[in-house]
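Asker: Dropping the structure in here first, questions after.
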Amino acid sequence: PIFPRSGSPRIGRSDPIAASTSAVTGSGVSAVIAAGSSLKVNAVPKDTHGNALTEARSRAEVSYTARVTCATSRSPGVSNGQVVVNDRALAYVANSVDFSHSVGYTLQHAGTYTVVVTQTVGGVASVVGGGGGATVTVVAGAIDHSRTTIKNSAGANAPWTVAAGVDGVVVLKTYDAIGNPVMVDRSASSRIVASFTGAQIGRASCRERV
C-alpha cells in the first residue's frame, strides 16, 4: 500500500485542526514595535499535518482570541502584569488566500509585552504554537520637547533660588508625544542630572542630548 507523506493533503478526509501547526503572523508579533503604531495579528489555521484548511472549515470550525499582557513596563502608563488587550476575537478574513483570521489594536506604552493567540475548536482551547506566546518590545518615539520637564532635586519646577557657593542639582526628563520616557544617551533612564554651583546672579540652562 502507498501511504501519504506527512504534510501532504489527505484526499477524502478531514484531519483535525491543530494549534501546534497553525501560525501567528502580522505586525503585532514583530520583535520591536514603535509606541502608538496600529498593529495587526493574523492566525492561519492548519490541520495536524500542516495543511491549510478549506474556506468552509476555517469559517465554521475554528475561532481565535488574542490577549496582550505587559511583562515589563517602561512607562508610567502601564504596569507589570497588566492585560492591555483582553481576549479580543479575531475575525475571519474574507477572500484571504490562507483563510486566516485577524484582529487589530494599538500599544501606546513602552515596555515588553507577551502576545498569546488562543485557538478554539469544538469547545477546546489551545495556545497557537504552544508555549507562552510571542514576546514583543514597544519602544518610545522621538523626544517631544513640549513634554520635557526640568526640576531641582526636590522636584520643584524652575525658577529656583540657589545661594552663592551652594551646590545645586537640575533633573531633566524627556518624553515622547504619548508620554513614554525617552532614554537619553542609551542610559537606563530618561533623566539627565546636572550639578552646578550657585552664583550671585546667574542663569542655568540645559540642552537635551539624543
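The values are calculated or read from the model by the stated rules, or taken from the named source; none is laboratory data. From a predicted model like this one, the values you see are computed outputs, not experimental measurements. All Cβ positions, even for glycine, are placed from backbone atoms using ideal geometry, and neighbour counts span all protein chains on display. With ligands, DNA and RNA removed, areas are computed over all heavy atoms of the protein, side chains included. Shrake-Rupley method; radii C 1.70, N 1.55, O 1.52, S 1.80 Å.
Asker: When the accessible area of region 135-183 is split by element with a 1.4 Å probe, what percent falls to carbon and sulfur?
Answerer: That share works out to 55 percent.
Asker: Roughly to the nearest percent, how much of the accessible area of region 20-68 is carbon and sulfur, given a 1.4 Å probe?
Answerer: Of the solvent-accessible surface of region 20-68, carbon and sulfur hold 51 percent.
Asker: If you count, for each residue, the other Cβ atoms within 10 Å and average over each peptide, how do 129-135, 33-39, 161-167 line up from highest to lowest? Walk me through the intermediate numbers first.
Answerer: Values: 129-135: 14.6, 33-39: 16.7, 161-167: 10.0.
The peptides rank, most packed first, as 33-39, 129-135, 161-167.
Asker: May I pose another question? What lysines could a cross-link reach from residue 173, if we take a straight Cα to Cα line under 19 Å and drop same-chain neighbours fewer than 8 places away?
Answerer: Cα-Cα hits under 19 Å: 151.
Asker: Another question about this same structure. Stokes-Einstein at 25 °C, 0.890 mPa s, Kirkwood radius from Cα pairs: D for region 63-103 in µm² s⁻¹?
Answerer: Estimated diffusion coefficient is 206 µm²/s.
Asker: Rolling a 1.4 Å sphere over the protein heavy atoms, what is the accessible area per residue of region 1-138, to the nearest Å²?
Answerer: Value returned for region 1-138: 51 Å² of accessible area per residue.
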